[in-house]
There are 2 protein chains.
Amino acid sequence: MLIVQKFGGTSVGDLDRIQNVADRIAKTADEGHQVVAVVSAMSGETNKLLGYAQHFSRQPVRSEVDMLLSSGERVTASLLSIALNEMGYKANSMSGRRAGIVTDAAHTKARIESINPKSIQESLSQGNIVVIAGFQGVNEKGQVTTLGRGGSDLSAVAVAGALKADLCEIYTDVDGIYTTDPRVEPKAKKLEKISYDEMLELASLGAKVLQNRSVELAKKLNVNLVTRSSFSDAEGTLITKEENIMEEPLVSGIALDRNQARISLIGVMDRPGIASDIFSRLAENNVNIDMIIQTSGHDGTTNMDFTVPMDELEDAKSVVESFIDNDEIKEAGYDEHICKVSIVGVGMKSHTGVAAKAFESMANENINILMISTSEIKVSMIVDEKYAELAVRSLHNAYELDR
Amino acid sequence: MLIVQKFGGTSVGDLDRIQNVADRIAKTADEGHQVVAVVSAMSGETNKLLGYAQHFSRQPVRSEVDMLLSSGERVTASLLSIALNEMGYKANSMSGRRAGIVTDAAHTKARIESINPKSIQESLSQGNIVVIAGFQGVNEKGQVTTLGRGGSDLSAVAVAGALKADLCEIYTDVDGIYTTDPRVEPKAKKLEKISYDEMLELASLGAKVLQNRSVELAKKLNVNLVTRSSFSDAEGTLITKEENIMEEPLVSGIALDRNQARISLIGVMDRPGIASDIFSRLAENNVNIDMIIQTSGHDGTTNMDFTVPMDELEDAKSVVESFIDNDEIKEAGYDEHICKVSIVGVGMKSHTGVAAKAFESMANENINILMISTSEIKVSMIVDEKYAELAVRSLHNAYELDR
C-alpha cells in the first residue's frame with residue numbers, strides 16, 4: 001500500500017517524539033508499505049516565530065510571515081529524514097514547493113490549487129520514504145505561502161489525493177472519533193468507520209479532531225482518512241465514503257457544542273425583506289448564524305430566534321440594537337447559557353422516528369427543548385446549558401451507542 | 001548606486017540587532033541607493049540546529065543538513081523584511097533559490113555555479129529592498145544546498161557580481177582591515193584601501209575578517225568589497241583591484257600566524273623522487289604544507305624543514321615516522337613553538353630592498369630567523385614564538401605603517 005502519514009505539532013513536539021515518529025514510519029515501511037510523511041512544525045515553534053515577527057510589527061506583512069513560518073516545518077522534515085537515514089532507511093525531505101504544492105496568492109491562508117506529485121513519485125520509485133514539510137506551498141510567482149490553521153492536514157490529504165494513496169493517516173493526540181465526548185459520557189465508544197458527511201457534521205458541532213476543510217477535501221478527492229494517536233498503537237477511525245460503510249448504524253455519534261449563544265428578536269416589523277436585511281447585516285459584520293426559527297406574533301409582527309458563536313455575540317448585538325433604534329425590532333433577548341446537542345448519522349436518511357426518539361428522550365429527563373433544527377443526517381437541539389451532560393448521556397443511551 | 005550589504009550572524013544576533021540592521025539599510029535607501037541585503041542566520045541558530053541533527057545521527061545525511069540549516073537564514077531574511085516594511089519601506093525576502101543562486105551538488109560545501117538575478121532585478125525595479133537568505137542555493141535537481149563556512153559572504157559577492165553592483169559591503173564586528181593586529185601593535189592603522197591580492201595574503205596569513213573564497217570570487221567578478229562594522233558608522237576598508245589604488249604603499253600590512261608547527265627532517269636519503277614521495281604521502285593524509293626549505297647535508301643526505309598547521313601536526317608525524325621506520329629518513333624534530341610573521345604589499349613588486357629591511361629589523365632586535373619564504377607581494381619569516389609580538393611591532397615600525 002501507499003500510505004500518507006501526517007504528524008502534527010504535538011506528535012513532533014521534541015526530539016524524542018520525532019524519534020518516535022521515525023520508529024512508527026519505519027515500522028510501516030517494514031510491513032512493506034510505501035510511506036509519504038507530512039509533518040508540522042515542532043509545537044511552540046510557530047508561535048515563537050510569530051512572536052519574533054510581532055517584535056517588529058503588530059501586523060507583519062503576510063508574505064513575509066509565510067516565509068518566516070514555513071521554516072518551522074522544514075526543520076521538522078529534515079530532522080525526521082535524518083533520523084530515518086540513521087536507522088538505515090532511505091528518506092528524503094521536501095519543502096512544499098518541491099512536493100509540487102501550488103496555492104493561490106492568499107498569504108497566511110492560501111488554498112491549494114493543484115499538486116504536481118512528480119518529485120514525490122520519482123523519490124518513491126527510488127525506494128525513498130518521502131518527508132514533506134506540511135502547511136506550505138508556493139503561489140504562481142514562486143513565493144512561499146502557508147495554508148492557515150489545520151494546514152498540514154490539508155497538505156497530507158491533498159498529497160494523498162494526488163498520489164491516489166490507499167490511506168491518509170492523521171496522527172494526533174487522540175486515538176480516533178468517539179460516539180461522543182468521553183469526558184461527558186465515559187461509555188462513549190470509538191467508531192471504527194464514519195462517513196465524510198457524518199464527520200463534517202460532528203466536526204462543525206464541536207468535535208475538534210479534524211478541521212472541516214480537510215474532511216471536505218478528502219471527500220472531494222475520495223481519500224480514505226484515518227485519525228489515530230501517535231502515542232499508542234490503537235487502531236484509529238476510518239473516515240470514508242458512505243458506500244464503503246456496510247450496515248450503517250442509525251446514529252453514529254452525539255455532538256455537544258457549548259460555544260453558542262441564542263438571540264431572540266421579539267416584535268420584528270412585518271415588512272417585506274426585513275429578515276433578509278437583518279441577516280445580510282449580520283453577515284457583513286462577519287457573524288455566523290447557525291440555527292434560525294421564525295414564529296408569527298399576534299400583532300402582525302414576527303419573532304425570530306437564532307444562534308451565533310459565543311465570540312461573535314457582541315458584534316451581533318450591535319447589529320440588532322441598530323434595528324431596535326430604527327424601530328424595526330421591538331426588543332431583543334440574549335442568552336449565553338445554552339448549548340447545542342446534536343445526533344448525527346447517515347442511517348437517519350432511511351429511517352423514520354429518529355428525531356422522535358430524541359425528543360422522547362429529552363422529555364423523559366424533563367429537559368426543555370428551546371430550538372430544533374434537522375437535516376438529512378442530523379438533529380440538533382438547543383437546551384439550557386445546565387442540561388448539557390445529561391442530554392448527551394441520555395441520547396447516547398437512547399440510541400444504544402455504548403453497545 | 002546599487003549596494004549589496006551583507007550582515008553576518010553577530011550583526012543579526014538578536015531581534016534588536018536585526019532592527020539596527022533595518023535602520024542601517026533604511027539609511028542607505030534614504031540616501032537614494034538601491035539596496036540588496038544578504039543575511040546570515042542569527043548567531044547560535046545554526047549550531048542549535050546542528051545540535052538537533054546530531055541528536056539523531058553522528059553523521060547526518062548532508063542533503064538533509066542543508067535543508068535543516070537553510071531555514072536559519074530564511075528566518076532572519078523574513079524578519080528583516082518585516083521590520084523594513086513596518087518602517088514604511090517596500091522590502092521582500094528571498095530564499096537562495098528565488099535569488100537564482102545555483103550551486104553544484106556538494107551538499108554542506110557547495111560551490112556557486114551561476115546566478116540568475118532576474119527575480120532580484122524585477123523586485124528592485126518595483127522599488128523594493130531585496131533581502132536574501134545567504135549561505136544557500138539550489139543544485140540542478142532543485143535541492144537546497146549550503147555553501148559552507150563564510151557562505152553568506154560568498155552569496156553577497158556572487159549576487160553583487162551578477163547584478164554588477166557598485167559596492168558589496170560586508171558588515172562584521174570589526175571595522176575594517178588593519179596594518180596589523182591592533183591587540184599586538186596598538187599603533188596599527190585601519191587601511192582605507194587594499195588590493196585583492198594583498199587581502200588574500202593577509203587572510204591566509206591569519207587575518208580572519210574575510211575568507212579567501214570570498215576575496216577570490218570578488219577578484220574574479222571584479223566586485224568592490226568593503227568590510228565595515230555593523231556596530232559603528234566608521235568607514236571600512238575597500239578591497240579592490242590594484243589599478244584602483246593610486247600610490248601603492250610599499251607594504252600594506254604585517255600578518256602574524258601562530259598556528260604553525262615546524263618539522264625538521266635530518267638525513268633524508270638521497271634517492272631520486274624521495275621529496276616527492278614524502279610530500280605526496282603528506283598530501284594524501286590531508287596535511288597542508290606551507291613553507292619548505294631544503295639544504296644539502298655533508299654525507300650525501302639532505303635536510304628538509306617545512307611547516308604545517310598545528311592541528312595537522314599529528315597526522316604529519318605519523319607519515320614522517322613511517323619514513324624513519326623505512327630508514328629513508330634518519331631522524332626528525334618537531335617544533336610547535338614557532339610563529340610566522342609576514343610582510344604583505346603589492347608595492348614590493350617594484351621596489352628592491354623590502355626583504356632586506358625586514359631582516360635588518362629582525363637583526364636589530366636579536367631575533368633569529370628560522371625560515372624565510374618570499375613571493376612577489378609577501379615576505380614570510382618563521383621565528384621563535386616568544387618573539388611574535390616584538391617581531392610584529394618592529395616590522396610595523398620599520399615600514400612606518402603607523403604614519
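A short reminder: the numbers here are calculations on the coordinates, not readings from a lab. None of the values given here were measured: they were computed from a predicted structure. Please note: Cβ atoms are built from the backbone with ideal geometry, for glycine as well, and neighbour counts cover all protein chains shown.
Here are a few things to note about the model shown:
- Residue and distance (whole Å) for the chain B Cβ nearest the axis that superposes B on A: B:S71, 2
- Here is how the number arises for chain A: DSSP H runs of 4 or more residues each give -39500 (n - 2.57), the sum is divided by the residue count, and the result at 222 nm is -11000 deg cm²/dmol.
- Per-residue Cβ neighbour rank within 10 angstrom, fewest leading, B:H107, A:H351: A:H351, B:H107
- Crossing angle, helix A:274-284 versus chain A [Cα axis fit, 0-90 degrees, rounded to tens]: 30 degrees
- Using a 7 Å projection from Cα along Cα-to-Cβ, the label point at A:P182 is separated from the same position in the remaining copies by 6.7 nm, smallest value first.
- Charge context of A:V223, other residues only, Cβ under 14 angstrom, K/R +1, D/E -1: +2
- Among the GluC sites (Glu not before Pro) in the range B:1-96, those placed in a DSSP loop whose Cβ has at most 15 other Cβ atoms within 10 Å are B:E31.
- Rounded to the nearest 5, the antiparallel percentage of DSSP beta bridges internal to the protein assembly as shown is 60%.
- Net charge of neighbours whose Cβ lies under 9 Å from the Cβ of A:D153, counting Lys and Arg as +1 and Asp and Glu as -1: +2
- Estimated dipole of the range A:2-172 in Debye, rounded to 20 [Cβ of Lys and Arg +1, of Asp and Glu -1, Cα centre]: 420 debye
- Pairwise centroid distance, computed over Cα atoms, of the range B:102-133 with the range A:361-397, Å: 62 Å
- Nm distances between copies for B:S296, ranked from closest, using label points 7 Å along Cα→Cβ: 12.9
- Ascending list, in nanometres, of distances separating the B:Q54 label from those of the other copies (7 Å, Cα toward Cβ): 3.4
- In order along the range A:43-59, the phi-based Karplus estimate (6.51 cos²θ - 1.76 cosθ + 1.60, θ = phi - 60°) of 3J(HN,Hα) comes to 4, x, 5, 4, 5, 4, 5, 4, x, 4, 4, 6, 4, 9, 7, 6, 10 Hz; Gly and Pro are listed as x.
- Across the range A:86-99, coupling constants 3J(HN,Hα) worked out from phi with the 6.51/-1.76/1.60 Karplus curve, θ = phi - 60°, read 4, 7, x, 9, 7, 9, 9, 9, 9, 6, x, 4, 5, 6 Hz, and Gly and Pro carry x.
- Across the range A:327-334, coupling constants 3J(HN,Hα) worked out from phi with the 6.51/-1.76/1.60 Karplus curve, θ = phi - 60°, read 6, 9, 10, 6, 8, 9, x, 10 Hz, and Gly and Pro carry x.
- Using a cutoff of 8 angstrom between alpha carbon atoms and counting only pairs six or more residues apart, the relative contact order for chain A works out to 13 percent.
- Tilt relative to chain A, helix A:354-364 - C-alpha long axis, 0 to 90 degrees, to 10: 60 degrees
- Within the range B:116-184, the GluC sites (Glu not before Pro) that combine a DSSP coil assignment with at most 15 other C-beta atoms in a 10 angstrom radius are B:E140.
- Dipole magnitude (debye, nearest 20) for the protein assembly as shown, charges at Cβ of Lys, Arg, Asp, Glu: 1020 debye
- Mean separation of Cα pairs under 8 Å and 6 or more residues apart, divided by the residue count, gives the range A:132-287 a relative contact order of 24 percent.
- 15 Å beta-carbon shell around B:N288, net charge (K/R +1, D/E -1): -3
- Residue order, fewest to most surrounding Cβ atoms within 10 angstrom, among B:S373, A:S93, A:S276, B:S280: A:S276, B:S280, B:S373, A:S93
- Rounded to 10°, Cα long-axis angle of helix A:313-325 versus longest principal axis of chain A: 30 degrees
- Taking Cα centre as origin and charging only the Cβ of basic (Lys, Arg, +1) and acidic (Asp, Glu, -1) residues, the dipole magnitude of the range B:32-102 rounds to 120 debye.
- DSSP-defined beta bridges in chain A - what % are antiparallel, rounded to 5: 60 percent
- Under the combined filter of DSSP loop state and at most 14 neighbouring Cβ atoms within 10 Å, the range A:182-231 retains these GluC sites (Glu not before Pro): A:E192.
- Sorting A:F359, B:F323, B:F56 by the number of Cβ atoms found within 10 Å of their own Cβ, with the fewest placed first, yields A:F359, B:F323, B:F56.
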